[in-house]
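Remarks on the structure that follows.
The values are calculated or read from the model by the stated rules, or taken from the named source; none is laboratory data. Values in this document were obtained by computation on a predicted structure and should not be read as measured data. Don't worry about glycine lacking a Cβ; one is built from the backbone with ideal geometry, like all the others, and counts go over all protein chains shown. Only protein heavy atoms, including side chains, enter the accessible area calculation; ligands, DNA and RNA are left aside. Shrake-Rupley method; radii C 1.70, N 1.55, O 1.52, S 1.80 Å.
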Amino acid sequence: MRIAVCVKQVPDATAARRIDPVSKRLDRSGEGALNAFDAHAVEEALRLKDVGGDHEVVVVSMGPEKAADALRKALAMGADQAVLVTDDAAAGSDLVATSRALAKALEREGAELVLFGQQSSDSDGAVLWAAVADRLRLPMVSQVAELTIDGSRLTGKRQTEFGYDVIAAPLPAVVAVSDAINEPRYPSLKGIMGAKKKPQETLALGDLGLAADQVGEPGSRTKVLGLNPPPPRGETVKIDGDGSAPDKIVDFLAGKKLL
C-alpha cells in the first residue's frame, strides 16, 4: 500500500513571528521546521509500515525551495520518498489554492491512504485535510487518536466531548491524526545520512497541469485587506506583591462597584 503524508514547513518555534506589512503574509524568511502536528502523521505512516506488508511512505508538501529541509527530516525518520511542489506563482496561496495543488500532487502519487496532521502551528486552520478530501472525492476521518488498517478498510477512533467515536471507511481515504495518536521518533544518525540518498522530487505547477492563476493570490478566495495592532486594553492597574495586594484588590473592586 502506498501511504502519502502531507506535511508543511513552518517557522521554527523559537523564532519571532511577524507579518510582512507589504505582502500582509507571515514572514517565512527565518528558520523553518517540520510542523510538529505533521510529525505525528509521519510517525503513524511509519508504524503502519513497521507492522508489515508492502507499504511505501511518500511525504508531500507545497512551499518554497527551503521547505525541502522539513521533508528531509521526514525522510530521516523513515519515509521512503519526498515530493515538493514549489513555484514562485504559488506564493500567497490560501486554503482553496493550496488544496487544489496538493490534490493534484496526491492524484499523481496514487496513494491508497493520505495522512495529515490535525493542523499547522503557523495558521491553526485545521481544515486543509477536509478541503483536499473534498477535491479527491474521498472519505475523510479527522482527529484520529487510534488508527487500524484491515485489508481495504480503515478504522479510526477519536475522542469527543461525549466520549469516543469509532469510524470505519473504505480505502482510499484521507485521515487527519491528532497529536495523541503517538510519540514521533527521533531521526537516527543512520536515518539522517540515509535521507540524502532517498528520492526527492521537485515539481512545478506545470508538472501538475495547473496554471499560475489557479494558485497563489489569483487562485485564492480570501484576501487580507489590512492589518492593525490590537486595541488598547484601557485603564490598567499594576499591583505589586509586597503583602498588601489583597487589600489593594478589594479596594479596586470596591471602587468599580464590583463588591
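Numbers for the structure displayed
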quantity: Surface per residue (accessible, 1.4 Å probe) for the chain, Å²; calculated: 57 Å²
quantity: Amide H within-cut-off set for Glu56, under 5 Å, with H built and near neighbours excluded; calculated: Arg2, Ile3
quantity: Distance between modelled label sites at Lys24 and Leu189, nm, 7 Å Cα→Cβ extension; calculated: 5.1 nm
quantity: Label-point separation, Ala15 to Lys66 (7 Å along Cα→Cβ), nm; calculated: 0.5 nm
quantity: Inter-probe distance in nm under a simple model that places probes 7 Å from Cα toward Cβ, at Glu109 and Phe252; calculated: 5.2 nm
quantity: Interchain or long-range residues, amide H under 5 Å from Val144's placed H; calculated: Ala176, Val177, Ser178
quantity: Rel. contact order, % - alpha carbon contacts under 8 angstrom, at least six apart, the range 113-259; calculated: 18 percent
quantity: Helix axis angle, 68-77 relative to the chain longest principal axis, alpha carbon, degrees; calculated: 70 degrees
quantity: Accessible carbon and sulfur surface of the chain relative to its total accessible area, %, 1.4 Å; calculated: 52 percent
quantity: Which label in [x] 34, 21, 18; [y] 39, 25, 19; [z] 59, 19, 16 gives the computed semi-axes √(5λ) of the Cα gyration tensor in Å; calculated: [y]
